[in-house]
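**Student:** So that we are looking at the same thing, I have put the structure below in structure tokens.
Bear in mind that the values in this text are calculations on the coordinates, not laboratory data. The structure presented is a predicted model; accordingly, all values stated were derived computationally and were not measured. Glycine also receives a Cβ, built like all others from the backbone with ideal geometry; neighbour counts cover every protein chain displayed.
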Amino acid sequence: MPWAPDYLDAEVAADFVRAPEVDLDELATWCTAASRAIDKKTNRQFGRVDAPAARTYRRPAMYDVVSGLWLVEVDDVQDVTGMTVGGVPVADSGAVLLPDDAPERGKPYERLGFTSYPRRPLVAVALWGWAEFPAGAVGAAKLQVSRWASRRDSPYGVAGSPADGSELRLLARLDPDVATTLAGLSRRRRVG
């Protein structure tokens, strides 16, 4: 799975929108656009690098009074096999992977915690990203592609008939159902 991938392909999208005659190249474009809109909305992406990669973190660590740790925001990581921090295996580095309950919740680790201020810049090597796409990201991509596929037949942003009571306005923003589907997947980044 690559970094920042499409969360569904054109064939799956065509099946979902029940329009197998739709141009697959066009649907592929919508799949990519929907995936990037999801990334923007959630402030993260749901792919994974193909091999362990070094990432350098230069932002200052922030002290968290609740945990008593110096926190460093890192990219999402679910598979910590072979992960190193400062050239040392993460288990021996003194770093604490946070949040503590990430594996149980099917979420990635987002921060490293240290009892003393960590040396800067901090270099970590890991299989950055998600082990698999969360269902919410896939469902949201399907809904958004479906909305854009419907938009072809409603160039002025209105679908259905007001006389029949089936009028639907296609808004310029992300579909509200997509936003609801993505609830809980968004990442707030701390600013130091």
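**Student:** Report the relative contact order of the chain, percent, no decimals, based on alpha-carbon pairs under 8 angstrom and at least 6 residues apart.
**Tutor:** RCO, the chain: 27 percent.
**Student:** Follow-up question, since we're still on this one. Specify the angular offset, from 0 to 90 degrees and rounded to the nearest 10, of the alpha carbon long axis of helix 24-42 from the longest principal axis of the alpha carbons in the chain.
**Tutor:** Roughly 50 degrees between the two axes.
**Student:** Which longest uninterrupted range of the chain lacks any chymotrypsin sites (Phe, Trp or Tyr not before Pro) assigned by DSSP to a loop state (not H, G, I, E or B) and surrounded by at most 14 other Cβ atoms within 10 Å?
**Tutor:** Between the exposed loop sites, the longest stretch runs 4-155.
**Student:** A further question on this structure: What trypsin sites (Lys or Arg not before Pro) in the range 14-108 are in a loop by DSSP, with at most 10 other Cβ atoms within 10 Å of the Cβ?
**Tutor:** 18, 58
**Student:** Next question. Relative to the longest principal Cα axis of the chain, at what angle does helix 135-151 sit, 0 to 90 degrees, rounded to 10?
**Tutor:** 30 degrees
**Student:** If you don't mind, another one. Just to be sure I understand the model, the point goes 7 Å from the Cα along the line to the Cβ. What's the resulting residue 36 to residue 135 distance in nm?
**Tutor:** Label-label distance for residue 36 and residue 135, simple model: 2.9 nm.
**Student:** Would you mind working out the magnitude of the charge dipole of the chain relative to its Cα centre, with +1 at each Lys and Arg C-beta and -1 at each Asp and Glu C-beta, to the nearest 20 Debye?
**Tutor:** Here the chain has a charge dipole of around 1080 debye.
**Student:** Go through (i) 52; (ii) 41; (iii) 47 and flag the label whose value is the computed percent of Cα pairs over 23 Å apart for this structure.
**Tutor:** It is the one labelled (i).
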